[in-house]
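Engineer: There's a structure below that I have some questions on.
Coordinate-derived values only; no laboratory data. Keep in mind that this is a model prediction, so the values were computed, not measured. In this analysis, Cβ positions are derived from the backbone assuming ideal geometry, glycine residues included, and neighbour counts consider all displayed protein chains.
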Amino acid sequence: MSKSTYDTTLVEELAKLINEHELAEIEYDTEGLRLRVTRVPATGFVATAPVAASVPAAASAPAAAAPAQQNTESEAEIKGEAVKSPMVGVVYTAPEPNAAPYVSVGDTVSADQTLFLVEAMKTFNPVKAPRSGKVVRILVTDRSPVEYDQPLLILE
């Protein structure tokens, strides 16, 4: 296989592995060919173009940060209103490392109180409570990636 062409059956096999093992992403890297296939929740798969292997595979982002969509409980099973992410980015549960989180389960919050920060394009955007209520469940972990409209916490 050359750097400019690759067998589409390889992409199909990687996509099949993602489905069978419920992975968010899989990367294939060999002899100058790097191929990454990512599961996109609403649209299927995205295959990035092969690139020259100039960066060691160990330097790639860890796959341990799984999307919060793995929470299999639906919002209907948990009574309350979901506060959703206003954008794609990285969620921060505290104002700085080693600081207390903005909110914890069981806390009572007031309208417009900051619940999280979402970093997008090196800008920290506050996610505020839409109304007063009690935090029933927090659905994300600190520094995890979030998608637009992804539920972050449940307010009762």
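Engineer: In vacuum, with every alpha carbon of region 91-135 counted as one equal point scatterer, what does the Debye formula give for log10 I(q)/I(0) at q = 0.16 Å⁻¹? Two decimals, please.
Structural biologist: Debye output, listed in q order: -0.42.
Engineer: Between residue 128 and residue 79, what is the FRET efficiency for a Förster distance of 22 Å, r being their Cβ-Cβ separation, to the nearest 0.05?
Structural biologist: 0.55
Engineer: Label residue 11 and residue 38 with points 7 Å out from Cα along Cα→Cβ: what is the distance between them in nm?
Structural biologist: 1.5
Engineer: Right, here's the next one. Pull up all non-local amide H partners of residue 139: gap of 5 or more, or a different chain, and H-to-H distance under 5 Å with H placed in the peptide plane.
Structural biologist: 153, 154
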